[in-house]
Structure formats: C-alpha cells, structure tokens
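J.: Quick one: this structure, given as structure tokens, is what I'll be asking you about.
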Amino acid sequence: MFLNSSNINTRPSREDISVSAIPAGEIAGKIGEPLAANIVMMGALIKKIGIIPPNIFRKSFKAILESKKKSLTDSNRKSFDAGYKYLKS
C-alpha cells in the first residue's frame, strides 16, 4: 500500500500488507511543484514494484504532453524523478 504521509497520519494496523509512506506533498513542494504529489507517488510506485523502466514512463510525458503543455513535461519529469529517488534501492 502506498500512502501520502503528507496528508495521512494514521497507518494501517494490518500486518499482512506492506506500507510505503511517501511524503509526496512535501517532496513536491520542495522541488517547486506543489500540485505534482501524484507524479511523485508514481515515481515511488514504479521504483518499488518495477512494473516498467523509468525511462519508458518519462517518455510518456513527452509523447502525451509536449504538443499541448510542454511546460508540464519538465515539471512532471522532475516530480517523477524526486519520487523515484526517494525510495532507496
């Protein structure tokens, strides 16, 4: 389970699940992208479960956003990288 510890103070009491508490709001704020906590969480999720290589996810920003919202491409990449780097290997 992933939770944004910037907003959620309680933790599940179940012992049969793994909890990754990511301060996504704080991380997003520190890098100057306060509205990108969701992208920070995505970076942490991809790092933890390894479902796709990070470069593939980064390329999706370019493919989806560059033609309409180029400014979001850089901010999303920066937010994704911050979440990805937050979790240690």
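J.: Kindly rank 72-80, 51-59 from highest to lowest mean number of other beta carbons found within 10 Å of each residue.
T.: On the way: 72-80: 19.9, 51-59: 12.0.
The densest-packed peptide leads the list: 72-80, 51-59.
J.: Per 10 Å bin, what percent of the C-alpha pairs of the chain does each bin hold, from zero upward?
T.: 18, 46, 28, 7, 1
J.: Right, another one. Nearest 10 degrees, 0 to 90: what angle lies between the long axis of helix 70-86 and the longest principal axis of the chain (Cα atoms)?
T.: Approximately 30 degrees, to the nearest 10.
J.: Another one. Report the residue, chosen from Glu26, Glu66, Glu15, that carries the largest GNM mean-square fluctuation when the chain is represented by alpha-carbon nodes joined by springs under 10 Å.
T.: Between Glu26, Glu66, Glu15, it is Glu15 that shows the largest mean-square fluctuation.
J.: To continue, here is another question. Considering only Lys48, Lys62, Lys70, give the residue with the highest GNM mean-square fluctuation for the chain, with springs between Cα atoms whenever their separation is below 10 Å.
T.: The residue with the greatest mean-square fluctuation here is Lys70.
J.: Nearest 10 degrees, 0 to 90: what angle lies between the long axis of helix 54-65 and the longest principal axis of the chain (Cα atoms)?
T.: The angle comes out near 50 degrees.
J.: Assuming R0 = 25 Å, what is the FRET efficiency of Ile52 and Glu15, from their Cβ-Cβ distance, to the nearest 0.05?
T.: On the way: r = 30 Å, r/R0 = 1.18.
With a Förster radius of 25 Å, E is 0.25.
Throughout, read-outs are computed from the coordinates displayed, never taken from laboratory work. On a predicted model such as this, the values are computed, not experimentally measured, just so you know. Note: ideal-geometry Cβ built from the backbone for every residue, glycine included; neighbour counts use all protein chains shown.
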